[in-house]
1. In this structure, does T55 turn out to be among the β-branched types (V, I, T) and modelled with pLDDT of 90 or more?
2. Only one of (1) loosely packed, with under 14 Cβ neighbours inside 10 Å; (2) at pLDDT 95 or above; (3) aliphatic (A, V, I, L, M) fails for M36. Which number is that?
3. Filter segment 7-26 for residues that are surrounded by 11 or more Cβ atoms within 10 Å (Cβ to Cβ) and not basic (K, R) and give the result.
Amino acid sequence: MRTQLLYSSKTLLIREAARRAVHLGATTLNLHTSDMMASAVQLYERLGFQRAYATDTYNGETLVKGYQIDLSSPSLLEQVI
C-alpha cells in the first residue's frame, strides 16, 4: 500500500510539472535518472516519456539518462494538462 501511495504521489508531481510547463508555454518536458532508479524509468515510460539520448550526462562515472515528453502529443499526461 505504501509503495502504491508513493507511486501515485510521484505521478501527480510529474503531471503537475507538465501542467505548469504547458501553462508557461513549454512544448517538451525533460527528466533525468540513472539505472539505480529503475522504478523512475518505469514511471517515466508509463507516462509516455521517451529516451532523450542527447540530454544524457554523467555524475562522476554514473550515466544519468535523459527522458523527454512532447507536451503537445497524446500521452497519459494529457489527462491533466
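1. Taking the combined requirement at face value, the residue satisfies it.
2. (2)
3. Y7, T11, L12, I14, E16, A17, A18, A21, V22, A26
The values are calculated or read from the model by the stated rules, or taken from the named source; none is laboratory data. This is a predicted model, so every value here is computed, not measured. Neighbour counts are summed over all protein chains in view; Cβ atoms, including those assigned to glycine, are modelled from backbone coordinates with ideal geometry.
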